[in-house]
Structures are given as structure tokens and as C-alpha cells.
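What follows is a set of notes on a single structure, which appears directly below.
Derivation of every value follows stated rules applied to the coordinates shown; laboratory data play no part. Just so we're clear, the structure is a prediction, and the values are computed from it rather than from any experiment. For neighbour counting, all protein chains shown are included, and Cβ atoms are generated from backbone atoms with ideal geometry for every residue, glycine included.
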Amino acid sequence: MIAVNQLTKRYGRHTAVEDVSFHCEPGTVTGFLGPNGAGKSTTMRMICGLTPPTSGQATVDGHPYRELPNPGRTIGVLLDASAQHAGRTGREALAVAATTMGVDRSLVGEVLDRVGLDAVAARRRVRAYSLGMRQRLGLAHALLGNPRVLVLDEPANGLDPEGIFWMRGLLRDFADRGGTVLLSSHLLREVEAVADRLVVIGGGRIVAQGGKDELLAGDGTVVRARDRVALRGALERAGLPVSESTDGLLVRADPEAVGQAAAAAGVALTELRAAGGGGLEQLFLTLTAAADSAAAGPDQTGTDAAPTREAVR
């Protein structure tokens with residue numbers, strides 16, 4: 001189990017993560033979603049003991065990561081597939097990890113097979129690995145200690161469609177056997193296919209969380225008015241959760257409640273309808289639209305140097 005309670009991380013005047021709280025239960029895959037710079041990587045690094053929080057706490061099986069006697073036997077971590085010794089072979093890299101964790105080295109071959117790295121790939125130097133192969137090796141490292149928890153940041157990067165399908169099955173099987181998975185990915189459809197729960201972060205704050213079916217079913221109401229500012233003010237005064245949408249304002253309430261709030265404030269509406277079921281992609285875009293526009297720059301974690309689409313999260 002992962003418990004994140006009121007985590008905040010500040011870098012000088014910049015607040016990367018603010019008052020973030022969520023739980024990941026055994027037997028579930030939790031999709032952790034947000035736009036670039038939203039605070040995903042910072043949060044995951046705090047869970048894994050790599051970045052000290054300014055305030056708040058994250059625990060794994062009831063203990064902060066740094067207090068775990070042998071972390072790799074409790075939590076498997078893959079945050080950066082490139083952070084591996086380029087001069088070692090895949091088998092050597094896992095053998096060193098097995099020795100460090102006190103794991104029987106005979107398990108190295110089993111884990112390599114499990115992640116689809118054959119004997120030829122196992123003898124190859126990591127510097128010659130493709131990104132997809134490095135992802136598989138990183139996942140093998142995460143699984144080597146037979147942990148109860150997995151924390152994976154963009155594990156499908158570099159994988160072909162067959163590899164993505166394979167990873168989906170592996171994570172689903174891990175959770176179905178009682179494991180806990182926290183998965184960050186920009187492949188929204190893959191997250192939708194495998195996740196049980198969703199946590200959406202924007203601008204360093206949690207903007208939505210809950211069961212996948214619950215969040216996707218409760219699309220809410222889309223509403224428009226000529227005076228958008230007055231409409232938003234009326235909805236907020238009525239205590240209705242409201243966010244910006246490409247279609248107008250999205251309100252987490254039924255159309256009747258929205259219409260009554262607007263009428264009470266004397267705001268004339270030009271559109272009022274139930275939001276369409278656009279799936280996880282539409283939910284993500286709607287919830288993070290305001291956070292995207294407010295983001296001033298990258299999430300200053302200092303963890304990802306490659307200037308890729310998901311280099312800063």
C-alpha cells in the first residue's frame with residue numbers, strides 16, 4: 001500500500017507540489033496522470049525517498065521509503081530507464097542488484113525471461129540497448145526483489161504496440177495477485193485499459209481522484225453564457241465544482257443544479273447540457289485545462305535531462 005499525505009515540495013519560490021494526498025490499495029493499479037510540469041515526477045520521487053518533501057509524508061506499507069530495511073524487497077521502482085550502468089550487460093546489472101538486495105542470483109534469469117529479454121539480449125551491454133530494452137531491464141530490476149508495490153514512471157516509453165500490450169498484462173497480473181501499482185503514463189488509452197483508480201494532478205495539486213468507472217461516468221454538465229466570468233462566479237458561490245473546458249465550463253453537478261445556480265444569479269445561459277462521455281482522454285483534457293494554462297515552466301525536479309515530450313512531468 002502507498003499512502004501520500006499532504007505532500008508539499010517547494011524550490012525557493014516555486015511550489016512544485018502542494019498538499020497532495022492519495023492512497024494506492026493492494027490489488028489495484030492506480031493511474032497517476034497530469035500534464036508536463038504538473039508535479040508527477042516530483043511526487044513519485046518523494047514517495048521513493050529521492051526528494052525530501054518540504055512538508056507532508058509518503059509511506060510504503062506504513063513506512064517512509066528511507067526507513068525500509070531492504071527497500072527493493074518491498075517496492076520496485078522504475079523512474080528513469082536511462083539511469084543504468086551503460087558498461088554492464090543486462091545480466092550483470094541484475095546480478096549486482098540481486099547481491100545488493102540479498103536475492104538468490106538464480107532469479108536473474110527468471111526475471112529476464114519474464115520481461116522478454118532473451119539470452120542474447122542479456123549478454124549485450126546496456127549502452128547498446130534500445131529505449132524499449134532499457135525499459136524492460138528497468139522493469140526486471142523493479143521485479144527482482146519480488147516486491148508488493150511497484151512505482152513506475154512512463155514505463156511504456158520506447159515500447160512497440162506489442163510491448164505495450166505485454167506490459168499491460170504484466171501489471172494487471174501483478175495487481176490481481178494482490179500487488180499495488182502506481183503508474184504514470186501519457187498513454188491515456190493504455191492507462192484507461194489497465195487502471196482501477198485514477199489520480200489526476202494539475203499545477204501541483206490533485207484535481208480529481210477516485211475509481212476509474214466513477215470518474216468516467218460522472219462527466220457532469222457543460223454550460224456556457226455570454227458572461228463567462230459571471231457564470232463561473234455564480235457556480236462557485238453555489239458550491240459547485242467548476243473547471244475550464246474546451247466546450248465551455250465543466251461542472252461536477254447535474255444540469256438542473258447548474259441551471260438553478262445560474263438563474264438565481266441572473267446569468268443568462270447560451271448552452272446547458274450533460275457532458276458527453278469522451279473517456280479518459282476527454283476527462284484529462286478537461287480537468288487539466290486550467291492547470292496547463294497556469295503552468296509557468298517545467299517541474300523543477302532535476303531528474304530528466306532528455307528534451308523529450310515527457311522529459312519534465
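Electrostatic bookkeeping for Pro52 treats Lys and Arg as +1 and Asp and Glu as -1; over the other residues with beta carbon under 15 Å from its beta carbon, the sum is +3. Between Gly12, Gly202, Gly37, the residue with the greatest mean-square fluctuation in the GNM of the chain (Cα pairs under 10 Å linked by springs) is Gly12.
Just to confirm a number: summing +1 for Lys and Arg and -1 for Asp and Glu over residues other than Thr74 whose beta-carbon lies under 9 angstrom from that of Thr74, what do you get?
Details: positive: Arg73, Arg148; negative: Asp61.
Net of charged neighbours comes to +1.
Taking amide H as placed 1.01 Å from N in the peptide plane, the amide H of Tyr11 sits under 5 Å from that of Ala16, each at least 5 places away or on another chain.
3J(HN,Hα) along region 196-213, derived from phi through the Karplus expression 6.51 cos²θ - 1.76 cosθ + 1.60 where θ = phi - 60°, amounts to 9, 10, 10, 10, 10, 10, x, x, x, 10, 6, 9, 6, 7, x, x, 4, 4 Hz, with x in place of Gly and Pro. Multiply the residue gap between Thr100 and Arg125 by 0.36 nm, knock off their C-alpha separation, and tell me the result in nm, one decimal place. Gain on extension, Thr100 to Arg125, equals 7.0 nm.
Look at Cys48, Cys24 and count the other Cβ atoms within 10 Å of each Cβ; fewest to most, that gives Cys48, Cys24. Charging the Cβ of each Asp and Glu at -1 and of each Lys and Arg at +1, and nothing else, the dipole of region 1-137 about its Cα centre rounds to 640 debye. Gaussian network model of the chain, Cα springs within a sub-10 Å range: biggest mean-square fluctuation belongs to which of Ile75, Ile201, Ile164? Maximum among the listed residues: Ile164. Considering helices alone, the calculated mean residue ellipticity of the chain at 222 nm is -10500 deg cm²/dmol, with DSSP H runs of length four and up weighted by -39500 (n - 2.57) and normalised per residue. Taking the chain as a Gaussian network of alpha-carbon nodes connected by springs under 10 Å, the highest mean-square fluctuation of the residues Leu137, Leu152, Leu216 belongs to Leu216.
Estimate the FRET efficiency between Ala274 and Ala3 by the formula 1/(1 + (r/R0)^6), using the beta-carbon distance for r and 25 Å for R0, to the nearest 0.05.
Working: r = 35 Å, r/R0 = 1.41.
My answer for the efficiency is 0.10.
Evaluate the charge dipole of the chain about its Cα centre and quote only its size in Debye, nearest 20, assuming +1 on the Cβ of each Lys and Arg and -1 on the Cβ of each Asp and Glu. Spell out each step's value before the answer.
Numbers: 34 positive and 35 negative charges, 195 e Å.
Result for the chain is approximately 940 debye, rounded to the nearest 20.
Karplus-based coupling profile of region 178-193, in residue order and whole Hz: x, x, 10, 10, 10, 10, 9, 7, 8, 8, 4, 5, 5, 4, 4, 6, with θ = phi - 60° in 6.51 cos²θ - 1.76 cosθ + 1.60 and x standing for Gly or Pro.
Here the extension length gained between Arg114 and Val229 equals 35.9 nm, from 0.36 nm per residue of separation less the Cα-Cα distance. Working value for region 55-105: equivalent-ellipsoid semi-axes of 25, 15, 7 Å, each the square root of 5 times a Cα gyration tensor eigenvalue, largest first. Across every direction, the projection of the convex hull enclosing the Cα atoms of region 2-213 has a mean area of 11.4 nm². The calculated FRET efficiency for Glu281 paired with Ala257, based on their beta-carbon distance and R0 = 22 Å, is about 0.25. Taking other Cβ atoms within 10 Å as a rough exposure proxy, Lys9, Lys212 sort from fewest to most as Lys212, Lys9.
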